[in-house]
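Readers should treat all values here as calculations from the given coordinates under stated rules, not as data from a laboratory. What you see is a predicted model, and the numbers here were worked out from it, not measured in a lab. All Cβ positions, even for glycine, are placed from backbone atoms using ideal geometry, and neighbour counts span all protein chains on display.
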Amino acid sequence: MSAAIIDGKAFAGALRARIATHAARFEQGAGRKAGLAVVLVGEDPASAVYVRSKGRQTVEAGMASFEHRLPADTDEATLLALIEQLNADPAVDGILVQLPLPAHLSEQTVIAAIDPDKDVDGFHTTNAGRLAVGQKGFVPCTPLGCLMLLKDQLGDLSGLEAVVIGRSNIVGKPMAALLLGESCTVTVAHSRTKNLPDVVRRADIVVAAVGRPLMVQGDWIKPGACVIDVGINRVEGPEGKPMLVGDVDYASGVQVAGAITPVPGGVGPMTIAVLLANTLTAAHARAGLPAPDLS
Ligand code: GUN
């Protein structure tokens, strides 16, 4: 039997359409567009592509996009001054500083400077804390996108065994907190986990976020499990051409899983769609309006 293919691209497109409807309503009600500021320091080519995409999709959703590009040798004081300016700017509802930053800048210090109520990435410790204790706050975009796909596929997740592979602050830890919030039994596996294939085999839900190409094999997967592949790894394909693969060996996984996300076209498109959703939610909160129902 072959798994259902979870079409994240289609899901993200439908979510963006709902966001655009609510963004237009917000503009009518508030007399201004919801606004997202994106800060890019340096010239990292992959980051530049993401930032362009974020700007384009923000405008397509009927929101205002403010892009700030700073040279790679920008000092911390200059970057912190820009963040202060964006914190104080009434037209800016969300602030995203594209990571990774150049090595001489402290990501921790920079993220800590963002107003938590404009932290649409959900990276500020205030928002991480809110998520950990089950309070409302901004949730990092990629794990929230994964949760939306899981709930769309499975409905109620309560009581299911979930294994998250990877313990990053951006994906693994918030993903585990979200699944716990859905009353899953959650295991976080990582590079030191013993007998990883056996740990994965007990999962009804597998979220792979380790950045190791094709690591999770089909015979690690419990038949019928729902597999969410967060990995986006550039590898050399046939005839030396670069290609993208996930952390899951899709060819074998698709034979065993009940449902699986492809790479590309699975989790990837969800991240920016959720960023726009978080920005619109921030705009409503700042304008004293109830949160839009984007479901
Ligand atoms: N770099 C790669 N993904 C992300 C993201 O979701 N947010 C930020 N700020 N930087 C990133």
*asked:* For 84, 236, 161, which order do you get if you count the other beta carbons within 10 Å of each Cβ and list the fewest first?
replied: 236, 84, 161
*Rounded to whole Hz and in sequence order, give me ³J(HN,Hα) for segment 20-29 from the Karplus expression 6.51 cos²θ - 1.76 cosθ + 1.60, θ = phi - 60°, writing x for Gly and Pro.*
4, 4, 6, 5, 5, 5, 4, 4, 5, x
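Which value, in debye to the nearest 20, describes the size of the charge dipole of segment 121-244 about its Cα centre when Lys and Arg Cβ atoms bear +1, Asp and Glu Cβ atoms bear -1, and nothing else is charged?
400 debye
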*In debye to the nearest 20, how big a dipole does the chain give about its Cα centre with +1 on each Lys and Arg Cβ and -1 on each Asp and Glu Cβ?*
460 debye
*Going by a ≥ b ≥ c, the root eigenvalues of the Cα gyration tensor, does segment 32-97 fall in the rounded group (a/c under 1.5), the prolate group (a/b larger than b/c) or the oblate group?*
oblate
*Which trypsin sites (Lys or Arg not before Pro) from segment 69-152 combine a DSSP loop assignment with at most 14 other Cβ atoms within 10 Å?*
136
*What are the trypsin sites (Lys or Arg not before Pro) within segment 188-295 that DSSP puts in a loop, where the Cβ has at most 11 other Cβ atoms within 10 Å?*
192, 194
*asked:* With a cap of 16 neighbouring Cβ atoms within 10 Å, and only residues DSSP puts in a loop, list the trypsin sites (Lys or Arg not before Pro) found in segment 29-62.
replied: 32
